[in-house]
Each structure stands twice: as C-alpha cells, then as structure tokens.
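Here's the structure, in structure tokens; my notes come after.
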C-alpha cells in the first residue's frame with residue numbers, strides 16, 4: 001500500500017495536483033491495534049504467568065523436605081492463578097481488553113514473586129543470614145506501587161491481593177502468617193501513598209513509609225526480636241541494626257527502583273502519569289513559545305480553556321493535569337495561518353476576500369495542521385488524540401450560514417433573470433464539517449466543551465451570571481443534540497457538574513468592575529500654577545545649587 005501511495009502521489013505531483021508529500025499520521029497502525037486487542041495473545045500471557053507460578057511452586061515444594069508434596073502445591077497454585085485471572089477479567093474488563101496493560105500487570109506480579117523466591121533461596125544458601133531475612137528482604141511494594149502509579153489505585157490493590165495469595169505458596173509454613181500480614185500492610189501503604197503522585201520525590205517518600213511499616217510489623221510479629229537487646233552485648237545490637245536497616249532499606253530501595261523504571265515503562269506501554277503531565281506543562285516548549293509570539297490571541301485562548309477544563313475535570317473525577325496540558329497544545333495548528341482566526345486578527349479580516357467554502361476549509365485545516373505538527377514534534381499520543389477530537393465532526397456554523405445567505409441572494413438574482421442558474425454555488429454541508437472523530441474520552445469531551453464555551457463567551461458584551469449560565473447550557477445541550485458527546489463516556493451527572501463548573505469559572509473571569517467616581521474638587525484646593533509646578537515643592541536644581549554653595553562656604 002505504501003508503494004502504491006507513493007506512485008500515486010508522484011503522478012499527481014507531475015500534473016501539478018499534489019505536492020508529492022504525505023501528511024504525517026500516528027505510528028499506531030492496524031497491526032499494532034489488532035495485537036493489543038488479540039484474545040489469543042491475552043490468554044498466552046495468562047498461560048505464561050501460570051507456567052512461571054507452577055515452576056516457582058514446584059521448585060519451592062521440591063526442596064521442602066520429606067513432607068513436601070510438589071504436585072499438590074503446583075495444582076493448588078494453578079487454581080489460585082485461575083481464580084486471579086477470573087477476578088481480573090470480571091472486575092477490570094476495560095483493562096483486560098488491552099494486552100499491553102495485561103502484560104504489564106502480570107509481568108510486575110511475576111517479578112515480585114520471582115524476587116520472593118530468590119530471597120528464600122539466597123537466605124537458605126547463606127548460613128550467616130537467619131530465618132528473619134526471608135521476610136525482611138522481600139520487595140512487598142514493587143508491583144502495587146508500579147500499577148497504582150501507572151494505571152489506577154484499584155489495580156494496585158489487585159496487585160496487593162494477587163502477590164499476597166500467590167506468594168503464600170512460596171513461603172515456609174512457620175513464616176506464612178507474618179508474610180501475609182507484612183505483604184498486605186506494606187502493599188496497602190504503597191498504594192495509599194501513591195494515589196496522586198505529581199513529583200518523583202513522592203515515590204521515595206512512599207518507599208520510606210513502606211520501609212517504616214515493614215520495621216514496625218517485623219517488630220510486632222517478633223521477626224525482629226527486641227527481647228534479646230535487654231542486657232545484650234555488641235553482637236545483639238549489631239544484628240538488630242542490620243535487621244532494621246534491611247527491612248527499611250528494601251522499602252526505600254523499592255521506591256528508588258520504581259522511580260527509575262517509570263519513564264521506561266511509560267514509553268514502552270504508552271502510559272502517562274501525573275508526573276509526566278506536570279513535566280509537559282512547561283510553557284517553554286518550542287510550539288508554545290511560537291504561539292506566544294506568532295498567535296498571542298490563540299495562546300491566551302488556550303490558557304483560558306485550560307483553566308475551564310481543569311476545574312471541570314476535578315469536579316467529575318477526570319484527569320485535570322491531562323486536560324490542562326492537552327489544552328495548551330489543542331490549537332497549535334493555527335500557527336500555520338494565525339491571521340485567519342478571529343482572536344489573532346486586527347482591523348483587517350482575511351476572510352472578507354474569500355468565499356465561505358474556502359474560509360471553512362482554512363478553519364477546518366487547523367486540525368490537520370495541528371496533527372502534523374504534533375506528530376513531527378513527537379508529542380504525547382493523548383495530546384494528539386485531543387487535537388484530532390476537540391472539534392469532533394461539528395459544523396463550522398458561521399460560514400455555513402454565510403454560504404446559505406449568499407445562495408439565497410443568488411436565487412433571487414436568478415428569479416429576476418440577472419444570473420444564470422448554472423452559476424449558482426452549491427452548498428454541501430459536508431464541506432463545512434470537521435473531519436472528526438468525536439471525543440472518545442471524558443477528558444477529550446470536557447476539552448471540547450470548554451473550547452466551545454470560551455469561544456462563545458467572547459460574544460457577551462455585558463456578561464451577567466444569568467447570561468453566562470444560559471450560554472453554557474445552550475452550548476452543552478447543542479453538543480449533546482448534535483451527537484458530539486455520544487462516545488466520550490460523560491454521564492448526565494458529569495455534564496451537570498461540568499456546566500456548573502464552566503459557569504462558575506467564567507463568572508470569576510468575566511466579573512464586572514466598579515465604576516469609580518472622579519474625585520470632586522474641594523473648596524480649599526489650590527489649582528496647580530502655570531508651568532506645571534506645584535506649590536511648596538522645591539525643584540531639584542535649586543536644592544543642588546544650595547548644596548554646592550554650602551560646600552564652598554565651608
């Protein structure tokens with residue numbers, strides 16, 4: 001297909017009908033999309049995880065002495081894996097349909113369980129390490145912390161439950177109860193501390209809390225014995241310090257490792273955390289700098305839309321940081337022809353010399369131009385999606401009405417016999433619609449509404465709370481009627497909260513100021529003398545002369 005397209009473009013360019021260049025598109029093609037949704041690939045991941053768990057359980061039970069039953073342990077572990085997969089498919093159906101997310105979740109669980117088994121083998125092989133180190137050196141927070149930050153809190157909790165239950169098959173019987181307690185509490189601590197992470201230092205703090213929780217639990221479960229310290233010598237205190245440092249250090253080291261792995265995991269699985277959104281919100285990006293200089297009106301419009309959408313996203317529980325950053329870039333396509341957009345225009349309007357159809361094509365082209373610039377600059381895929389979706393397939397209503405009015409005028413001339421009926425312009429509604437698609441996420445839907453609300457609010461000459469509320473309601477209801485919000489997942493309750501938020505934010509931005517009265521002249525006030533000098537004020541020149549004269553006399 002690529003070869004045929006290049007040949008077709010070359011032929012058209014020879015005829016002067018094409019530039020010979022292909023517009024950039026996103027790299028995510030149909031093959032990658034099919035692989036990400038493939039049922040066979042998803043169940044292959046489940047099968048690989050089950051085989052790994054069976055191998056770990058067999059290896060543990062095979063070295064467990066005379067009473068060990070390897071095959072019974074393997075069978076039990078496989079039943080628990082099947083239960084974990086069933087619960088995952090039932091409780092997280094949307095995540096289960098994304099093979100990349102499935103692979104990430106079960107890969108993190110596999111790494112944590114493998115580390116658990118390696119710690120057990122290492123302690124058994126090293127005579128200087130005691131039995132307590134089988135529990136103190138386990139990275140309980142690894143999978144919960146990664147999944148809570150990269151995906152959602154509920155998936156972090158799923159990782160806590162899955163790692164705890166499956167890890168029970170890899171622990172000796174005498175250490176089973178302390179392991180269950182430490183795994184649950186340390187995992188929950190990691191998930192709760194990383195619910196809203198916007199700075200990487202928060203991950204180190206989470207590791208600090210996990211290490212502290214591990215130390216407290218180890219002391220309470222008598223894994224770290226405090227009784228031997230009473231009257232103990234240097235050896236007991238040294239062993240106590242090593243055990244405390246091990247439990248606390250593993251938690252802190254887990255936070256450091258997760259902090260270092262996040263950028264790689266985000267790029268690999270096309271995920272974006274709040275940490276990355278905060279880094280992307282830097283206004284010194286080259287495209288935003290260009291917008292400030294070449295299209296200041298569009299830049300100001302983007303800032304206002306960002307404030308509107310961020311406030312609304314917080315109200316409905318969407319991602320406010322994503323909304324803010326996407327709003328910064330949603331109109332970068334206007335940099336191609338900034339003077340054709342009203343917020344950047346001065347006294348002259350370039351559309352006065354164009355037909356309505358041509359004007360609509362110029363306006364609509366800013367979406368395609370924005371996509372081209374975003375892909376060239378390698379912006380985040382979610383930003384690219386918002387650029388494509390923020391107008392949906394809505395109508396460029398102003399120029400469509402203008403084209404209809406021109407056609408009615410031409411029809412009148414035809415009836416009068418002034419014009420030829422064949423010269424009448426055709427008004428096709430498809431030429432006045434954006435290419436779409438409609439918004440596909442809640443954040444994209446909120447940005448689409450905020451963009452329309454901000455643009456329409458500029459037409460209010462004397463804004464009042466009542467006018468602002470009517471304007472917001474009309475825009476939202478018209479978008480619903482036009483089908484622009486059918487696929488974004490916004491509920492009626494979400495839209496009500498968003499309308500309230502838009503109205504509240506616009507009221508604070510467009511409030512009227514007090515008309516201060518001019519100061520009335522009092523009877524005792526003396527007018528300023530001619531020359532603009534005020535009474536009782538000595539000029540600087542005279543002060544300088546007095547200073548020099550006094551210096552000469554001395």
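The values are calculated or read from the model by the stated rules, or taken from the named source; none is laboratory data. What you are looking at is a predicted structure, and each value in this text was computed from that prediction instead of being measured. Cβ sites come from the backbone with ideal geometry, for glycine too, and all protein chains shown count toward neighbours.
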Exercise. Determine which single condition residue 484 fails, assuming it passes every other condition in (1) surrounded by 14 or more Cβ atoms within 10 Å (Cβ to Cβ); (2) assigned to a helix (DSSP H, G or I).
Key: (2)
Self-check item: Flag if residue 434 is within 43 Å of the chain's Cα centre (by Cα), surrounded by fewer than 17 Cβ atoms within 10 Å (Cβ to Cβ) and closer than 21 Å to residue 342 by Cα
Solution: no
Quiz item: Is there any pair linking a residue in the range 487-507 that is assigned by TED's automatic domain parsing to the domain that holds residue 389 and without any contact (Cβ under 8 Å) to a residue 60 or more places away in the chain to one that is surrounded by 21 or more Cβ atoms within 10 Å (Cβ to Cβ) and outside any helix (DSSP H, G or I), with Cβ under 6 Å and at least six apart or on different chains, and which?
Solution: 487/438; 488/439
Quiz item: Which residues, counting only those in the range 133-168, are in contact (Cβ under 8 Å) with a residue 60 or more places away in the chain and farther than 26 Å from residue 60 by Cβ?
Solution: 149, 150, 151, 154, 155
Exercise. Determine if the range 374-383 includes at least one residue that is at positive phi and either surrounded by fewer than 16 Cβ atoms within 10 Å (Cβ to Cβ) or assigned to a helix (DSSP H, G or I) (or both).
Key: yes
Exercise. Report, by residue number, each residue of the range 279-321 that is in contact with a helix residue (DSSP H, G or I) (Cβ under 8 Å, 6 or more places away or on another chain), farther than 18 Å from residue 447 by Cβ, in contact (Cβ under 8 Å) with a residue 24 or more places away in the chain and assigned to a helix (DSSP H, G or I).
Key: 290, 294, 296, 297
Quiz item: Looking only at the range 137-162, which residues are under 20 Å from residue 93 (Cβ atoms) and assigned to a loop (DSSP other than H, G, I, E, B)?
Solution: 151, 152
Exercise. Quickly run through the range 384-420 and pick out the residues that are part of a loop (DSSP other than H, G, I, E, B) and touching a residue at least 24 places away in the same chain (Cβ under 8 Å).
Key: 390, 391, 392, 393, 394, 396
Quiz item: Within the set of pairs 6 or more residues apart or between chains, which connect a residue that is free of Cβ contacts under 8 Å to residues at least 12 places away in the same chain inside the range 199-224 to a residue that is not in a helix (DSSP H, G or I) with Cβ atoms less than 9 Å apart?
Solution: 202/194; 202/196; 219/225; 219/226
Quiz item: surrounded by 14 or more Cβ atoms within 10 Å (Cβ to Cβ), under 31 Å from the mean Cα position of the chain (by Cα), modelled with pLDDT of 85 or more and under 19 Å from residue 137 (Cβ atoms): does that describe residue 206?
Solution: yes
Quiz item: Which condition breaks for residue 324 when tested against (1) farther than 20 Å from residue 404 by Cα; (2) touching a helix residue (DSSP H, G or I) at 6+ places or on another chain (Cβ under 9 Å); (3) without any contact (Cβ under 8 Å) to a residue 40 or more places away in the chain?
Solution: (3)
Quiz item: Listed residues 108, 91; which is crowded, with 21+ Cβ neighbours inside 10 Å, at pLDDT 90 or above and within 22 Å of residue 158 (Cα to Cα)?
Solution: 108
Self-check item: Among residues of the range 88-134, those that are in a helix (DSSP H, G or I) and more than 37 Å from the chain's Cα centre (by Cα), counted
Solution: 8
Quiz prompt | Qualifying residue in the range 275-291 (condition: under 23 Å from residue 103 (Cβ atoms), surrounded by fewer than 23 Cβ atoms within 10 Å (Cβ to Cβ) and within 11 Å of the chain's Cα centre (by Cα)) | solution = yes
Practice problem: Considering every residue within the range 465-481, establish whether at least one is at pLDDT 80 or above, within 23 Å of the chain's Cα centre (by Cα) and more than 26 Å from residue 343 (Cβ to Cβ). | Solution: no
Quiz item: Which one of these does residue 365 not meet: (1) in contact with a helix residue (DSSP H, G or I) (Cβ under 6 Å, 6 or more places away or on another chain); (2) touching a residue at least 12 places away in the same chain (Cβ under 8 Å); (3) more than 16 Å from residue 454 (Cβ to Cβ)?
Solution: (1)
Quiz item: What's the number of the condition residue 331 fails, among (1) closer than 30 Å to residue 269 by Cα; (2) out of contact with any strand residue (DSSP E or B) (no Cβ under 6 Å at 6 or more places or on another chain); (3) surrounded by fewer than 20 Cβ atoms within 10 Å (Cβ to Cβ)?
Solution: (3)
